[in-house]
Structures are given as C-alpha cells and as structure tokens.
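First up is the structure itself, then whatever we jot down about it.
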Amino acid sequence: QVQLVESGGGLVQAGGSLRLSCAASGRTFTIYAMGWFRQAPGKEREFVSSINWRGVNTYYADSVKGRFTISRDNAKNAMYLQMNSLKPDDTAVYFCAASLRGNSWTSSGYDYWGQGTQVTVSS
C-alpha cells in the first residue's frame, strides 16, 4: 500500500503562483510514476502532469505546459507541482496519484490517490 497526502492549495489571484506538495508513505519503493490530476466542479478529472519516480521523464497537459513544473525528491518521498501564471480556469481540486505500472496520462493508470487539495484562482 502507498499513502498520499497533498498540501499547498489555497486561494490566489490570477497571475499568481502556488506550489503543491504530495507526501508519499508506505511501500514507496513500488512506485513507478506519480502524477497530478485535477477536477473542477461539474467536469471530469483531467491529467495535469506526471513524472517517473526514478528517471527524468515528465509530461504535461497542453493547458499547463510552460506554466506548471513537476518535480520530485526521492529522499523525502515527495512530489511537487509549481504552478505559475495561474488562471481562473485552473480552479479545481488537485489530486496526487501513484502508479505501480507505468507513467500514464489517464486516471485508470494510477493505483493510489490522495484526498485532494483545493486550488481557487480569482479573476
């Protein structure tokens, strides 16, 4: 089992920045990749970004490319999402996820999920 806890969400004005963190615990040695997803009210959960737990491969949704940066710290069992130039459309609950199988753009590719952290961007 892997446990994930997100933090760092909040309210920010458009153009501002936030840094989300995801702390992993449990059998972290089984993790292949981790990702961030988000879900806005009335919308489906969507892929934001992902990173291999070991290695350098990173992926981003087109909507966040150039504004968001994903990173990880294996020594701390943590993953981060630096979000810059935030827009009202970025408002959503952001979820951290871990995959034991591979790096994926789809939620079905992930095995463990955090509880989510709210990000609200005001215009």
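Summary table
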quantity	calculated
Relative contact order, percent, the chain [alpha-carbon distance under 8 Å, six or more residues apart]	36
Gained length - Gln115 relative to Arg101, 0.36 nm times residue gap less alpha-carbon distance	2.9 nm
Cα-centred dipole magnitude for the chain, charges only on beta-carbon of K, R (+1) and D, E (-1), debye, nearest 20	240
Per principal axis, descending, Cα span of the range 1-76 in whole Å	37, 24, 22
Candidate residues Val93, Val121, Val5: accessible-area rank, largest first, probe 1.4 Å	Val5, Val93, Val121
Residue with peak Gaussian network fluctuation, the chain [Cα springs, cutoff 10 Å], from Gly66, Gly55, Gly109	Gly55
Pairwise label distance in nanometres, Ala40 with Ala75, each label 7 Å out on the Cα-Cβ vector	3.9
Inter-part distance where the range 75-123 and the range 28-62 are each reduced to a Cα centre, Å	6
Surrounding net charge for Asn84, when Lys and Arg each add one and Asp and Glu each subtract one, Cβ distance under 15 Å	+2
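The values are calculated or read from the model by the stated rules, or taken from the named source; none is laboratory data. Remember, predicted model here, so these are calculated numbers, not experimental data. Counting neighbours? That spans all protein chains shown, and the Cβs are built from the backbone with ideal geometry, glycine included. Only protein heavy atoms, including side chains, enter the accessible area calculation; ligands, DNA and RNA are left aside. Shrake-Rupley method; radii C 1.70, N 1.55, O 1.52, S 1.80 Å.
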